[in-house]
Amino acid sequence: MWIAYGLLGVSAAALLWAAFIFGHGLVLALQGRRLDRQRHSTTPQPWRVVARKDHGACIQLWLHACRGRWRWWRGNIRGGQYLTLQVALPSGPQSRRYSLAALPHWSWRHLAWLHELAIKREPLGQVSTWLHDHAHSGTVMWVLPPAGHFTWPKTLQGEQVLVAGGIGITPMRALTQEWLSRGCPVPLTLVWSVRNMSEWMDYRSQLEAWAARHERLRFIPIFTGHDEAWRGLKGRLTGTRLLALSQSGRPAGVWMCASSTMMDSLRTQLRQAGVSDADIHFEAFTAPPNSDTATYLLHWADRPVPLRFDGQPSLLAALLEQGIAIDHDCRNGSCARCLVRVLEGSVRQVLSPEARQPEGWVLSCCVVPCTALRLAGAARGP
């Protein structure tokens, strides 16, 4: 008798659980089309930080949407996409894009899909500094849904090589996760170059473990700093060295996320080695193409012959094209290395800079001319 009652109870529980799963799936299916339309919404939603881990100049954050939509529905989020975080600073609201460091995973504890970010503190970066100082478990921020096109194609053919510089590992880790979820369809080589040991975070050991379990994955960490304890590869990564480190010697695709200096150098060297531009992909949150086709004269410092601005995406791009050795790195307003002084003329901002700008100076990667300009000052700014 008791056995029969027990079996009846188990059956009832199973039916209730099946009904819950069916109902939950039905709700998600009904929401699916509405959420697809909201995927690229320009209206930020509140997201809550539920965990944080510090690694020197880098932090890991796990967060989820506070309300329905992205809390309950994973969506077709891809490796290589990013979240746009908006924070209120004393100088006004600022937004920054941060690549997802992993594919979303379901948390029963929080009953939500968790999204992971890894963020490096930039010395002059207002948003990254605010996040390091204020983003803790329980902090609520305004976030735009995942977006971005730095993603795998539907069909992968031939070896793919991922190149990460420092914190640029974030989209590469998510891309590697997606590659694993797709059954390791092609050989994959991941090269990660860092200057500071703290930049490894917990990722190096995890990536080494993945490579040990999957013979088609080769993970190559390179350390460019000074630490006698490091016994792995050292030195600068060049295009020739990258091809030698690949599994085939002639990869079908090269994907990069690093400083603009490193990516520019590698792209040039890979082209010289015969790699097609169509096979080189890179992630950089830089100025969009400039729709203004007007030409403006640029009078630089003591140069007797004026330079020209002919529709380049930024003032920085125009200066570099014409031989001005101006210091730069990020090309998105974070590092503050490309400051120039505007003595005459006006500019239009095409990117919202994160770094602070002294009075009379502009970040040349974030502006384009509206008139002829007279520029002066040391290339490194004040």
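Conditions tested, residue by residue: (1) in contact with a Lys or Arg (Cβ under 8 Å, 6 or more places away or on another chain); (2) within 24 Å of VAL194 (Cβ to Cβ).
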| site | (1), (2) |
| --- | --- |
| TRP108 | no, no |
| ALA112 | yes, no |
| ARG121 | no, yes |
| ALA147 | yes, no |
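Of these, SER137, SER128, which one is in the same structural domain as VAL87 (by TED's automatic domain parsing) and under 14 Å from the mean Cα position of the chain (by Cα)? Write out each step before concluding.
On the way: SER137 fails: under 14 Å from the mean Cα position of the chain (by Cα).
Residue meeting the stated conditions: SER128.
Scan the range 136-157 and give yes if some residue there is buried (at least 18 other Cβ atoms within 10 Å of the Cβ), assigned to a strand (DSSP E or B) and small (Gly, Ala, Ser), otherwise no. Taking every residue of the range 136-157 in turn, none turns out to be buried (at least 18 other Cβ atoms within 10 Å of the Cβ), assigned to a strand (DSSP E or B) and small (Gly, Ala, Ser). Residues of the range 332-382 that are surrounded by 19 or more Cβ atoms within 10 Å (Cβ to Cβ), out of contact with any Ser or Thr (no Cβ under 8 Å at 6 or more places or on another chain), among the hydrophobic types (A, V, I, L, M, F, W, C) and modelled with pLDDT under 85: CYS335, ALA336.
Table: residues versus (1) basic (Lys, Arg); (2) assigned to a helix (DSSP H, G or I); (3) closer than 18 Å to GLY249 by Cα.
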{"residue": "GLY183", "(1), (2), (3)": "no, no, no"}
{"residue": "VAL191", "(1), (2), (3)": "no, no, yes"}
{"residue": "LEU207", "(1), (2), (3)": "no, yes, no"}
{"residue": "TRP210", "(1), (2), (3)": "no, yes, no"}
{"residue": "ILE220", "(1), (2), (3)": "no, no, yes"}
{"residue": "GLY225", "(1), (2), (3)": "no, no, no"}
{"residue": "GLU228", "(1), (2), (3)": "no, no, no"}
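Within the range 144-191, restricting attention to residues that are of a type in the set (Phe, Trp, Tyr) and over 13 Å from the mean Cα position of the chain (by Cα), which residue is farthest from PHE219 (Cα to Cα)? Only one residue fits best here, namely TRP152.
Do we find a residue being farther than 12 Å from ALA258 by Cβ and of a type in the set (Phe, Trp, Tyr) anywhere in the range 176-192?
Kept after step one, since they are farther than 12 Å from ALA258 by Cβ, are these residues of the range 176-192: 176-190.
So of that shortlist, the ones also of a type in the set (Phe, Trp, Tyr) come out as 179.
Yes, the range 176-192 has at least one match.
What about SER334, is it outside any strand (DSSP E or B) and in contact with an Asp or Glu (Cβ under 7 Å, 6 or more places away or on another chain)? Reasoning before the result, please.
Details: outside any strand (DSSP E or B): yes; in contact with an Asp or Glu (Cβ under 7 Å, 6 or more places away or on another chain): yes.
Here the answer is yes, as SER334 does meet what is asked.
Taking first residues from the range 210-231 that are farther than 12 Å from MET197 by Cβ and partners that are among the basic types (Lys, Arg), the Cβ contacts under 8 Å between residues at least 6 apart in sequence or on separate chains come to ALA211/ARG218; ILE222/LYS234. When GLU344, GLU359 are checked against the criterion of being free of Cβ contacts under 8 Å to residues at least 12 places away in the same chain and more than 29 Å from the chain's Cα centre (by Cα), GLU359 stands alone in meeting it.
All conditions but one from (1) touching a strand residue (DSSP E or B) at 6+ places or on another chain (Cβ under 6 Å); (2) modelled with pLDDT under 90 apply to LEU298; the one that does not is (2).
Quick check on this structure: which one of GLY79, GLY165 is buried (at least 19 other Cβ atoms within 10 Å of the Cβ) and assigned by TED's automatic domain parsing to the domain that holds LEU207? Quick ask: steps written out before the conclusion?
Values: GLY79 fails: assigned by TED's automatic domain parsing to the domain that holds LEU207.
After ruling out the rest, the residue left standing is GLY165.
Given the residues TRP113, TRP62, TRP70, TRP47, which is the only one that is at pLDDT below 70, crowded, with 17+ Cβ neighbours inside 10 Å and within 30 Å of MET256 (Cβ to Cβ)? Before the answer, list the steps.
On the way: TRP113 fails: at pLDDT below 70; TRP62 fails: at pLDDT below 70; TRP47 fails: at pLDDT below 70.
Matching residue, one of TRP113, TRP62, TRP70, TRP47: TRP70.
For the range 337-352, which residues satisfy the criterion of being in contact with a helix residue (DSSP H, G or I) (Cβ under 8 Å, 6 or more places away or on another chain) and either part of a strand (DSSP E or B) or acidic (Asp, Glu) (or both)? Give the steps one after another, and end with the answer.
Looking only at the range 337-352, we keep the residues that are in contact with a helix residue (DSSP H, G or I) (Cβ under 8 Å, 6 or more places away or on another chain), and these are 338-340, 347, 349-352.
Across the range 337-352, the qualifying residues are LEU339, VAL340, VAL347, GLN349.
The values are calculated or read from the model by the stated rules, or taken from the named source; none is laboratory data. Treat the numbers as computed from the prediction; the structure is a model and nothing was measured. We place every Cβ from the backbone using ideal geometry, glycine too, and count neighbours over all the protein chains shown.
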